[in-house]
There are 2 protein chains.
Amino acid sequence: MPRFALKIEYHGAKFCGWQKQSKQNTIQGTIETALSKLGLGRPPIFAAGRTDSGVHALGQVAHLDIPTKFEPFRLSEALNYHLKAKRIAILDCAIVPCDWHARFSAIKRHYVYRILSRRAPATHTEKLVWHIKKYLDINAMQHAAIYLVGQHDFTTFRSAHCQAENPLKTLDQLTIEAKNTSHGFEIHIHAYARSFLHRQVRSIVGTLERVGAGAWSPKEVQKALEARDRMACGPVSPPFGLYLVDIGYAEDPFKK
Amino acid sequence: MPRFALKIEYHGAKFCGWQKQSKQNTIQGTIETALSKLGLGRPPIFAAGRTDSGVHALGQVAHLDIPTKFEPFRLSEALNYHLKAKRIAILDCAIVPCDWHARFSAIKRHYVYRILSRRAPATHTEKLVWHIKKYLDINAMQHAAIYLVGQHDFTTFRSAHCQAENPLKTLDQLTIEAKNTSHGFEIHIHAYARSFLHRQVRSIVGTLERVGAGAWSPKEVQKALEARDRMACGPVSPPFGLYLVDIGYAEDPFKK
């Protein structure tokens with residue numbers, strides 16, 4: 001039974017996250033329904049990152065096993081036909097070895113968090129950014145970010161519902177980019193790691209926002225990290241600003 | 001009675017264009033309703049460009065006269081409060097001389113047209129781009145664009161309903177930009193002129209698309225222009241890709 005990898009883009013605002021739940025509109029459930037329309041049954045799909053409700057993806061990766069032969073290009077075209085009104089798009093599709101796993105074979109994950117920083121509300125990027133009206137001090141945020149890079153116990157920055165056994169993670173990079181876009185000034189916070197804890201990026205971004213706003217000093221972020229206490233975290237930022245950008249593997253499954 | 005200039009951004013998809021019409025949802029009508037909520041009556045608003053149904057703006061400019069004193073910043077904040085759910089945002093506001101006119105004082109207009117060029121459907125930019133699945137030859141489009149720059153009779157490229165007395169216009173620049181975005185490969189067609197005819201940009205873009213697709217040669221665009229015949233035009237491109245970017249004045253009314 002051939003195994004297929006899919007690269008998936010989606011607008012998360014109208015979905016209750018990736019993972020299938022009964023009676024909820026989810027990305028996994030919507031793709032499985034599209035598969036069933038191709039006469040392929042409802043094979044389960046495994047994603048590299050189970051994004052939360054409202055979170056977007058530019059390059060989610062998932063795999064599935066299909067009982068019949070299918071050209072990868074034909075599979076992505078057929079899925080896109082059924083997904084086109086759903087704001088989910090299959091960007092790429094490839095056959096992978098039977099022991100390849102979208103989640104467990106992944107060695108790097110890249111998220112970006114978009115903050116729109118201006119007085120006027122968002123018109124073209126509504127539900128695609130976190131809109132903040134007040135001025136944010138990017139230098140202070142960058143300064144605070146340095147304390148979080150490297151291997152740490154991230155208990156402070158993970159959800160109380162996080163199921164990971166170990167709160168020890170290595171944050172490879174945490175960079176803050178100032179970006180003038182045609183729709184206004186944005187701050188993009190890029191986070192790279194082998195894997196993340198539940199709500200880790202949004203917990204970090206919400207805390208960095210407090211630093212940018214002048215409510216916290218960069219040093220207080222270090223103290224919060226060292227406290228290893230969820231109560232020491234700043235407010236969790238809203239899901240709409242978060243994008244799963246890319247998943248890294250030892251070998252790129254979509255390389256032509 | 002002080003005169004105010006507004007710089008306005010909007011998502012055009014849900015509006016029947018700028019200009020007020022009875023029983024239609026328009027940008028002008030929506031802003032006038034917001035003004036009435038400030039207790040300012042319904043003073044008429046005059047825009048630099050009366051954009052069509054579905055067309056977006058990043059920097060539309062309009063003016064209006066208000067009977068009472070109002071700080072420009074307070075006026076934009078109050079309008080944004082009432083407009084925030086409407087996908088219309090006031091980006092800037094300034095007091096201008098009483099003989100200043102958003103439309104007649106304008107000396108330059110800049111439009112951009114966004115084409116998303118990829119197989120998969122748009123998810124984050126739905127109704128914000130023209131999605132074209134097939135490959136477009138940008139060099140051929142650029143080649144064809146050269147024939148359209150300068151002063152010409154643009155009868156071929158204007159709507160049958162165009163009310164301008166004279167079809168003679170000077171297109172200052174028509175440039176084609178290849179752009180890799182986080183949401184896929186885009187082609188941006190920038191058009192600059194003192195003023196445009198009705199549907200001129202969309203008629204030009206629809207014709208250039210035919211060249212990019214290989215259906216027309218660049219030389220055929222020159223022939224179409226010289227025909228001075230609406231029937232010689234290619235198909236008009238859809239409104240969703242078009243943005244009114246900026247209006248130029250002898251002196252920038254919003255300069256701080």
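The values are calculated or read from the model by the stated rules, or taken from the named source; none is laboratory data. What you are looking at is a predicted structure, and each value in this text was computed from that prediction instead of being measured. When we count neighbours, we look across all protein chains shown, and the Cβ atoms used for this are built from the backbone with ideal geometry, even at glycine.
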> Since A:SER53 meets every condition but one in (1) more than 14 Å from the chain's Cα centre (by Cα); (2) farther than 19 Å from A:ASP252 by Cα, which condition does it not meet?
Replying inline: (1)
>> Filter segment B:26-35 down to the residues that are away from chain A (no Cβ under 14 Å) and within 21 Å of B:ARG199 (Cβ to Cβ) and list them by number.
In response: B:THR26, B:GLN28
> From A:ALA193, A:ALA178, A:ALA232, which residue is at pLDDT 95 or above, touching a helix residue (DSSP H, G or I) at 6+ places or on another chain (Cβ under 6 Å) and crowded, with 17+ Cβ neighbours inside 10 Å?
Replying inline: A:ALA232
> Applying the selection to segment B:36-84, what residues are more than 14 Å from chain A (Cβ to nearest Cβ) and of a type in the set (Ser, Thr, Tyr)?
Replying inline: B:SER36, B:SER53, B:THR68
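Yes/no matrix, rows are residues, columns are (1) touching a Leu at 6+ places or on another chain (Cβ under 9 Å); (2) modelled with pLDDT under 95:
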{"site": "A:ALA89", "(1), (2)": "yes, no"}
{"site": "A:HIS101", "(1), (2)": "no, no"}
{"site": "A:PHE104", "(1), (2)": "no, no"}
{"site": "A:HIS110", "(1), (2)": "yes, no"}
{"site": "A:GLU126", "(1), (2)": "no, yes"}
{"site": "A:MET141", "(1), (2)": "yes, no"}
{"site": "A:ILE146", "(1), (2)": "yes, no"}
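Against the definition (at pLDDT 95 or above, within 30 Å of B:PRO97 (Cβ to Cβ) and surrounded by 23 or more Cβ atoms within 10 Å (Cβ to Cβ)), how does B:TYR243 come out, yes or no? Give the derivation first.
Working: at pLDDT 95 or above: yes; within 30 Å of B:PRO97 (Cβ to Cβ): yes; surrounded by 23 or more Cβ atoms within 10 Å (Cβ to Cβ): yes.
For B:TYR243, the condition - at pLDDT 95 or above, within 30 Å of B:PRO97 (Cβ to Cβ) and surrounded by 23 or more Cβ atoms within 10 Å (Cβ to Cβ) - is met.
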>> Considering only segment A:11-22, I want to know if a residue exists there that is within 13 Å of the chain's Cα centre (by Cα), assigned to a helix (DSSP H, G or I), buried (at least 18 other Cβ atoms within 10 Å of the Cβ) and within 12 Å of chain B (Cβ to nearest Cβ).
In response: yes
>> Please go through segment A:54-94 and give me each residue that is among the small types (Gly, Ala, Ser), more than 12 Å from A:TYR10 (Cβ to Cβ) and in contact with a Phe, Trp or Tyr (Cβ under 7 Å, 6 or more places away or on another chain), ordered by number.
In response: A:ALA94
> If we scan segment A:88-97, do we find a residue that is more than 12 Å from every other protein chain (Cβ to nearest Cβ) and part of a loop (DSSP other than H, G, I, E, B)?
Replying inline: yes
> What is the one condition in (1) out of contact with any Gly (no Cβ under 6 Å at 6 or more places or on another chain); (2) surrounded by 18 or more Cβ atoms within 10 Å (Cβ to Cβ); (3) not polar (S, T, N, Q) that B:GLY39 does not satisfy?
Replying inline: (2)
>> Among the residues of segment B:36-86, what is the count of those that are among the basic types (Lys, Arg) and in a helix (DSSP H, G or I)?
In response: 4
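Identify all residues within segment B:1-28 that are free of Cβ contacts under 8 Å to residues at least 40 places away in the same chain and more than 24 Å from B:ALA164 (Cβ to Cβ); write none if there are none.
B:SER22, B:LYS23, B:ASN25
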> What residue, among those in segment A:130-143 that are of a type in the set (D, E, K, R) and closer than 28 Å to B:LEU128 by Cα, is nearest to the other protein chains (Cβ to nearest Cβ)?
Replying inline: A:LYS133
>> I'm checking my understanding of the structure. Among residues of segment A:111-129 that are surrounded by 22 or more Cβ atoms within 10 Å (Cβ to Cβ) and under 17 Å from the mean Cα position of the chain (by Cα), which one is farthest from the other protein chains (Cβ to nearest Cβ)?
In response: A:ILE115
> How do the strands (runs of 3 or more DSSP E) wholly within segment A:144-256 filter down when requiring 3 or more residues that are under 27 Å from A:LEU128 (Cβ atoms): which remain?
Replying inline: A:168-181, A:184-193, A:242-249
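Test B:ILE204 against the stated conditions and say whether it is in contact with a helix residue (DSSP H, G or I) (Cβ under 6 Å, 6 or more places away or on another chain), closer than 26 Å to B:ALA62 by Cβ, hydrophobic (A, V, I, L, M, F, W, C) and touching a residue at least 40 places away in the same chain (Cβ under 8 Å).
So B:ILE204 fits the description; yes.
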> Which ones in segment B:44-82 are in contact (Cβ under 8 Å) with a residue 24 or more places away in the chain and surrounded by fewer than 15 Cβ atoms within 10 Å (Cβ to Cβ)?
Replying inline: B:ASP65, B:PRO67, B:THR68, B:LYS69
>> Exactly one of these conditions fails for A:ILE115: (1) outside any loop (DSSP other than H, G, I, E, B); (2) at pLDDT below 95; (3) not small (Gly, Ala, Ser). Give me its number.
In response: (2)
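Could you tell me whether any residue of segment B:148-165 is of a type in the set (S, T, N, Q), surrounded by 20 or more Cβ atoms within 10 Å (Cβ to Cβ) and over 18 Å from the mean Cα position of the chain (by Cα)?
yes
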